[in-house]
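Before any comments, here is the structure.
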Amino acid sequence: MSQPSIGVAVIGAGMAGRAHASGYRSAPAVFATELPEVRLVAIADAHEPFAVDTARRYGYQRAETSWQAIAEAADIDAVSVVVANEDGQAMADHAAKSDRVAAVGFTFRRSPAINAIRQQVTGGVLGPVTHFNGHYWCDYGFRPDAPMSWRYRGGPGSGALADIGTHLVDVGEFLCGPVTSVRGTILSTMIPDRPVALGAAVGHAAGVPVSDVREPVRNDDIATFTATFANGATGTFSVSRIAYGLANALGFEVFCSGGAAAFDLARAAEFTIADGTPASEVNGYRQVLIGPAHPYITRGLPMDFPSVGHGQNDFFTFQARAFLDEIAGLDRLPRCPGLAEGLHNLRVLEAVVAAARGDGQAVRVEP
Ligand SMILES: NC(=O)c1ccc[n+]([C@@H]2O[C@H](COP(=O)([O-])OP(=O)(O)OC[C@H]3O[C@@H](n4cnc5c(N)ncnc54)[C@H](O)[C@@H]3O)[C@@H](O)[C@H]2O)c1
């Protein structure tokens, strides 16, 4: 072991910060035991009550109110930065010059079902994808009185596209390889202003009282576009934060050279597949229950057999474990994507925005 222990901290105690805090807490319990001791050291949030509450709930030693307190602490080795989206180019440039482990949380890469489908695409019965059709539909912005927050501030492309479209694009590339061009973008803002929140809010700020003052919204409630992947596959993408009745609906179909598969996050522990077997008289999509034969399950869940269920919170545990493993010099799980991959994702999103302004021509994604 390169280190006797790893002290961890989380900056941002909002919705996703809590998932990171919980992930670090669970990470030593999964997969194997040779990880160095993980010390749950600090949670920082600009809004002190959030930091205090998260530290208490997840068993961290202290709460802080500034990221500087985390950066300067001698007892912290690993940090998750879980605040509003930041300057990706500056972060990637800095990471490239550093010998520290720096990673991006593309959490859906830790989905056992998405990995199981990927195995069938890259070396199994499905073969290469010819068409990826994906959606990420949420309804956190459906009500015109959902309070203003960082999610609604910024220009076109910084809305639903950056918040949830980023994950859908990454899932598409995880299965199909890199996007090389995009076209046909529509970015729509359907609710042009939002009320100012009267209190501090977590995540989508449900239930927070609002004032009569409204701020304009200029970023996207809905984003749709098409893409071409390097292998020639076609991608069709649909993203919304005002999709009534769907709180967190990520799903996709992949049509491949040897069959097809589909995934729905609401049924995270299963997927459907059609691959020409058994005999054609009874062929069709069939349900595959995720279990020990699939990635991440054996020793990744307390009860590691089919039908016990798992979901997005577990992906954070697997992600935290992979990050801690890499810091400890262990190489068991697929590594977290580096900041260069995060920057590439932003380049795809930039091209999507450029395609909304253009004349219908494809916009190349800068490599
Ligand atoms: N991987 C995933 O599945 C996933 C899911 C949700 C959100 N996210 C990402 O996580 C990030 C945070 O999203 P969220 O939903 O948790 O937001 P949030 O608004 O719930 O929480 C953000 C928190 O950061 C705090 N904060 C802001 N600036 C700060 C600073 N400079 N120092 C300390 N604290 C600060 C705020 O007070 C707030 O409590 C975003 O980048 C979002 O895109 C990822």
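Could you go through region 84-107 and let me know if any residue there is touching a Lys or Arg at 6+ places or on another chain (Cβ under 8 Å), at pLDDT 95 or above and not assigned by TED's automatic domain parsing to the domain that holds Ala42. Yes; the residues of region 84-107 include at least one that is touching a Lys or Arg at 6+ places or on another chain (Cβ under 8 Å), at pLDDT 95 or above and not assigned by TED's automatic domain parsing to the domain that holds Ala42.
Using the structure shown, decide if Ala262 is of a type in the set (A, V, I, L, M, F, W, C), in a strand (DSSP E or B), under 22 Å from the mean Cα position of the chain (by Cα) and closer than 30 Å to Gly199 by Cβ. Outline the logic, then answer.
On the way: of a type in the set (A, V, I, L, M, F, W, C): yes; in a strand (DSSP E or B): yes; under 22 Å from the mean Cα position of the chain (by Cα): yes; closer than 30 Å to Gly199 by Cβ: no.
For Ala262, the condition - of a type in the set (A, V, I, L, M, F, W, C), in a strand (DSSP E or B), under 22 Å from the mean Cα position of the chain (by Cα) and closer than 30 Å to Gly199 by Cβ - is not met.
Within region 226-245, does at least one residue satisfy the condition of being outside any strand (DSSP E or B), assigned by TED's automatic domain parsing to the domain that holds Gly159 and charged (D, E, K, R)? Break it down stepwise before answering.
Narrowing region 226-245 to residues outside any strand (DSSP E or B): 230-233, 241-245.
Checking the rest, the ones that are also assigned by TED's automatic domain parsing to the domain that holds Gly159 come to 230-233, 241-245.
From the residues that got through so far, the ones that are charged (D, E, K, R) too are 241.
Yes, some residue in region 226-245 is outside any strand (DSSP E or B), assigned by TED's automatic domain parsing to the domain that holds Gly159 and charged (D, E, K, R).
Taking the conditions exactly as written (touching a residue at least 60 places away in the same chain (Cβ under 8 Å), of a type in the set (Val, Ile, Thr) and over 21 Å from Ala351 (Cβ atoms)), does Val254 satisfy them or not? Spelling it out, Val254 is indeed touching a residue at least 60 places away in the same chain (Cβ under 8 Å), of a type in the set (Val, Ile, Thr) and over 21 Å from Ala351 (Cβ atoms).
Would you check if Thr130 is at pLDDT 95 or above, β-branched (Val, Ile, Thr) and within 15 Å of the ligand (Cβ to nearest atom)? So Thr130 fails the test.
Looking at Ala92, Ala69, Ala42 in this structure, which one is assigned to a helix (DSSP H, G or I) and either of a type in the set (Val, Ile, Thr) or crowded, with 18+ Cβ neighbours inside 10 Å (or both)? Spell out the reasoning first.
Details: Ala69 fails: either of a type in the set (Val, Ile, Thr) or crowded, with 18+ Cβ neighbours inside 10 Å (or both); Ala42 fails: assigned to a helix (DSSP H, G or I).
Just a single option satisfies the conditions, and that option is Ala92.
When you look at Leu187, is it assigned by TED's automatic domain parsing to the domain that holds Ala116, within 16 Å of Thr236 (Cα to Cα), modelled with pLDDT of 95 or more and within 14 Å of the ligand (Cβ to nearest atom), yes or no? The answer is no for Leu187. Of all the numbered requirements in (1) surrounded by fewer than 16 Cβ atoms within 10 Å (Cβ to Cβ); (2) under 24 Å from the mean Cα position of the chain (by Cα); (3) within 15 Å of the ligand (Cβ to nearest atom), Arg218 misses one, and that requirement is (3). Only a single criterion out of (1) touching a residue at least 12 places away in the same chain (Cβ under 8 Å); (2) surrounded by fewer than 16 Cβ atoms within 10 Å (Cβ to Cβ); (3) not charged (D, E, K, R) is not satisfied by Pro147, namely (2).
If you go through region 284-330 and keep only what is surrounded by fewer than 19 Cβ atoms within 10 Å (Cβ to Cβ), out of contact with any strand residue (DSSP E or B) (no Cβ under 7 Å at 6 or more places or on another chain) and under 24 Å from Gln120 (Cβ atoms), you end up with Gly291, Pro292, Ala293, Thr298, Arg299, Asp304, Phe305, Val308, Gly309, Gly311, Gln312.
Looking for something among the hydroxyl-bearing types (Ser, Thr, Tyr) and either away from the ligand (no atom under 11 Å from the Cβ) or assigned to a loop (DSSP other than H, G, I, E, B) (or both) - is there at least one such residue anywhere in region 72-84? Reasoning before the result, please.
At the first step, the residues of region 72-84 found to be among the hydroxyl-bearing types (Ser, Thr, Tyr) are 80.
Still in the running and either away from the ligand (no atom under 11 Å from the Cβ) or assigned to a loop (DSSP other than H, G, I, E, B) (or both): none.
The answer is no; no qualifying residue exists.
The values are calculated or read from the model by the stated rules, or taken from the named source; none is laboratory data. Keep in mind that this is a model prediction, so the values were computed, not measured. Neighbour counts run over all protein chains shown; Cβ positions are idealised from the backbone, glycine included.
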